[in-house]
Structures are given as structure tokens and as C-alpha cells.
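Visitor: One structure, pasted below without further comment.
Derivation of every value follows stated rules applied to the coordinates shown; laboratory data play no part. As the structure is a prediction and not an experimental result, all values here were calculated from the model. Don't worry about glycine lacking a Cβ; one is built from the backbone with ideal geometry, like all the others, and counts go over all protein chains shown.
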Amino acid sequence: MPTGRLLPSGDKSQSQDGSSSRRHKADEPDQKTAGNGGTISDSEKKRVRGRIQLLRRTTILVVTISVICITTAILLTTDVLTRVFCAVTAAAILVVWLVGARTYLDRLKPYHAQLGLDATGKPAQAPVETRSPHVEADKRQAQAIARSLRSKKQLPTISSPVSLAPGEVCHHFRAATLVREAVGSRRVLDEGHLILTGTRLYFAGRSTSASITLSSITKLNLAGPRSFGVRYTGHDGLDTFDVEFPQEFLAYLAIVCHHNGVKLPRIDNR
């Protein structure tokens, strides 16, 4: 169970004889860099994140074993006292572990921002810079597009920068960079164009292409002032497209889906 102390820089835990107690270096960031507004080095961040991940996995294991022990004691033990003793012991171990784990995570709260964690200790997503001039201009442009196109019966068509399927028309496109995100990894795949047609999002890169059917989109989110993310069926990770005006692109996407009767998920602004 994690018992390491995590104290802000300058605070010292005194023993009864007045001497400073030794810190548990393996369980906390370096106080010389982490305390009082300092920064945590990349190696320390990696070490603490690894311990948090290990703590979560171990907690799941402890909960599972405790539940199995309690269930076994109730179902398989005939003696009442033995049954109660086993169940209470397993429950007590579980409670002690959970309290210790929660205490350790609480001690990390002053460092959540530097560790990239939210208030619950989970990886945080950076909020979109809603007040930057670029984001505000993108937002106004997206609103103007929505007002001007929603009432029109015909969608605008433009020439596509790449060849499309026969009969397929391009409604909008932007220069884009495809970034593929999975659990614990983020990698830039290619640069090219992101093209919106009546049936799909089509990324045409220099060496990589990706086709996302509009009806398969399960989640959309503004990943930053110049990017948006897409989750879709048949793909486990998140595809992020870095474009100059993401809100404008999503406005075109919403209009095309509305025109074609495709239900689009609500856009997450985080």
C-alpha cells in the first residue's frame, strides 16, 4: 500500500527528537523542483505517472481478490464464525487499501497540473483556448456558415484537390495533418488534405489515406484551437486532424450530415 509522503517544498516532517524524517523518494516528485510553483522534470513525471498507473491496476486486483474471498467465504464455508471472519478480514483489507490509495492520490493534487492530470487523477484534456483571436474568428466563421447554408436546398460544391469516386462531389476541404492517438501513444501519420463529401471524410496524404463514412462517426471533439478529433466504428483509436479552422470544418460537416439525414454526435468542446 502506498505510504509515501508528498509535501510542498519548504515543509518538513519532524520526528519526536526534532530531526527531519526521511522522505520516501520513490513515491513523490523531487521537492526541489516540484514545490511552490516549481516544475517537475520529465523523468519525475514519467516515474510518478507510472506509479499512479500501477496503483490503479493493483487496486483493481485487490478489489477483485477481496470480492472473490468474500464470495468464497459466504458460499463455501459452513461454519458461521469462519465465514464471518473471512468476509470481515477481506473487507477490512480492501477498505485499508482503498483509503491508502486515496490518500496517496490526494497528496499528488498540488502536482496534477504539472503531471497532466485532472481533479480525479485521470489524464486531463487541455481545454480549447476559447478566448484567443484565432479561435474567436473561427467560431464566427462557423456560425456564419451555419446560418447561410442551413436554409439552402443545395450544398456548395467545389473542385477536389484529389480524385474521388465516380459521382462523388467535394463540399469542403482543408490542408490537414493526420495524427493517430491510441492508449499511451500519439503519432503524426501524414500531411495532406481532408476532404468532405456527401458520404465521408476522406484524408488524402502523401503516403497515407483514411476514409471515414459519415454515418460511422461516434464522437467529435475540438482537440485544440487548430485541431479536432474523430472516433468512428471499426477503429479503436482517435484520429485527430490538425486544420487551420476546425470549427469552420465541423460546421460544414454538420450541414452536410443534416442535409443527407445523417445523425451526427454532439461536438465536445474539450
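Visitor: Nearest 20 debye, what's the magnitude of the dipole of the range 132-270 about its Cα centre given +1 on Lys and Arg Cβ and -1 on Asp and Glu Cβ?
Guide: Details: 18 positive and 12 negative charges, 92 e Å.
The calculated dipole for the range 132-270 is roughly 440 debye.
Visitor: Note down the nm distance, to one decimal, between modelled labels 7 Å out along Cα→Cβ at GLU136 and at GLN154.
Guide: Between GLU136 and GLN154, the label points sit 3.7 nm apart.
Visitor: I would also like to ask the following. Could you work out the equivalent-ellipsoid semi-axes for the range 136-270, taking the square root of 5 times each eigenvalue of the Cα gyration tensor, largest first, in whole Å? Write out the running numbers ahead of the final one.
Guide: Values: eigenvalues 95, 61, 42 Å².
Calculated on Cα positions only, the semi-axes equal 22, 17, 14 Å.
Visitor: May I ask you to compute the full-extension gain from LEU98 to THR208, defined as 0.36 nm times their residue separation minus their alpha-carbon distance, rounded to one decimal in nm? Don't skip to the end; give the middle numbers.
Guide: Numbers: separation 110, 0.36 × 110 = 39.60 nm, distance 4.63 nm.
Extra length available between LEU98 and THR208 comes to 35.0 nm.
Visitor: Can you compute the FRET efficiency between ARG186 and THR71 using 1/(1 + (r/R0)^6), with r the Cβ-Cβ distance and R0 = 41 Å? Round to the nearest 0.05. Could the numbers behind the result be given before it?
Guide: Numbers: r = 41 Å, r/R0 = 0.99.
For R0 = 41 Å, the calculated efficiency reads 0.50.
Visitor: A further question on this structure: So for each of 206-217, 241-252 I average, over its residues, the number of other beta carbons within 10 Å; can you give me the resulting order with the highest mean first? Mind dumping the intermediate values first?
Guide: Values: 206-217: 15.0, 241-252: 21.6.
Highest to lowest by the protection proxy: 241-252, 206-217.
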